[in-house]
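Take a look at the structure set out below.
Rule-based calculations on the coordinates, nothing more; no lab input. Because the structure is predicted, anything quoted here is derived from the model rather than measured. Glycine also receives a Cβ, built like all others from the backbone with ideal geometry; neighbour counts cover every protein chain displayed.
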Amino acid sequence: MVYDRAVADHATQRPKQRMPAILRDAISIIKQHQRAFIALNVAFYGLFALSMLATVFAPELQAQFKPSIDESFEKPGLFNTVAGAYASRDLPVAIGMTFLVNLVVASIAMATLPTFVVPFVGIPVVLYRAFLWGVMFAPIGPLAVTLVPHSLTLLIEGQAYVLVAFAAYVQARMFLWPERYGLIRHRDGYMAGAVSTLKLYPLVMLALAVGAIYEVIEAVYVMPLLLRS
């Protein structure tokens, strides 16, 4: 009976052991700050929905922001190279470059690194992205039909940016209030926050990788069919 119970206990624990430790650490941090994670999800997707709704009723919002965004893709440089990979239908290059731009530029450079200088600043940066997405992808004009397939891209990549904002929250909180984490000095909290950020980034990278694969396939194969119909 003791043996049977031991086998049963081992069987019930086996699924937990299959999760890689690198993901277990990230999920553990999310569980520790569950309310903040939920609040950031609500804020991001809620702001996205509100700005989209506002743009439907005031299309001039899109006309105000769209030219500057389109211009960045037309100028020679990184974004223009990414657009060229899409146009040439080179899937591996397009997927790789989409992933790297979203990771290095949109996540690390624009949100995570600034948070190590100014606490919490990565959160408004990410929320501003949600606002822009709502304006840019509002279902108005000739591209409105593309919102249906592209909504999954926004959902997946949006979750990656929510995780980036969440990492900024955890890092800043540990730095400013180290005593809440059993630490004494702000310097210790700063370093602990950096470690937590590193532990969360595998989830960010996973979401961005899945999002990049879907986005490229959608843009190269699905959207042209919708625009021709």
Fill in the blank from the handout: Over segment 168-191, the set of residues of a type in the set (A, V, I, L, M) and closer than 11 Å to Ile29 by Cβ is Val170, Met174
Completion exercise
Across (1) surrounded by 21 or more Cβ atoms within 10 Å (Cβ to Cβ); (2) free of Cβ contacts under 8 Å to residues at least 60 places away in the same chain; (3) not hydrophobic (A, V, I, L, M, F, W, C), Ser196 clears everything bar (2)
Exercise for the section: Hey, could you check segment 107-122 for residues that are free of Cβ contacts under 8 Å to residues at least 40 places away in the same chain and in contact with a Gly (Cβ under 9 Å, 6 or more places away or on another chain) and say which is surrounded by the fewest Cβ atoms within 10 Å (Cβ to Cβ)? Expected result: Leu113
Fill in the blank from the handout: Scanning segment 29-63 for residues that are in contact (Cβ under 8 Å) with a residue 12 or more places away in the chain and among the polar types (S, T, N, Q), the one surrounded by the fewest Cβ atoms within 10 Å (Cβ to Cβ) turns out to be Asn41
Handout entry: So Leu152, is it over 30 Å from Gly193 (Cα atoms), out of contact with any Ser or Thr (no Cβ under 8 Å at 6 or more places or on another chain) and surrounded by fewer than 20 Cβ atoms within 10 Å (Cβ to Cβ)
Key = yes
Exercise for the section: Output the number of the condition that Val125 fails; it satisfies all remaining conditions of (1) farther than 18 Å from Phe44 by Cα; (2) β-branched (Val, Ile, Thr); (3) buried (at least 19 other Cβ atoms within 10 Å of the Cβ). Expected result: (1)
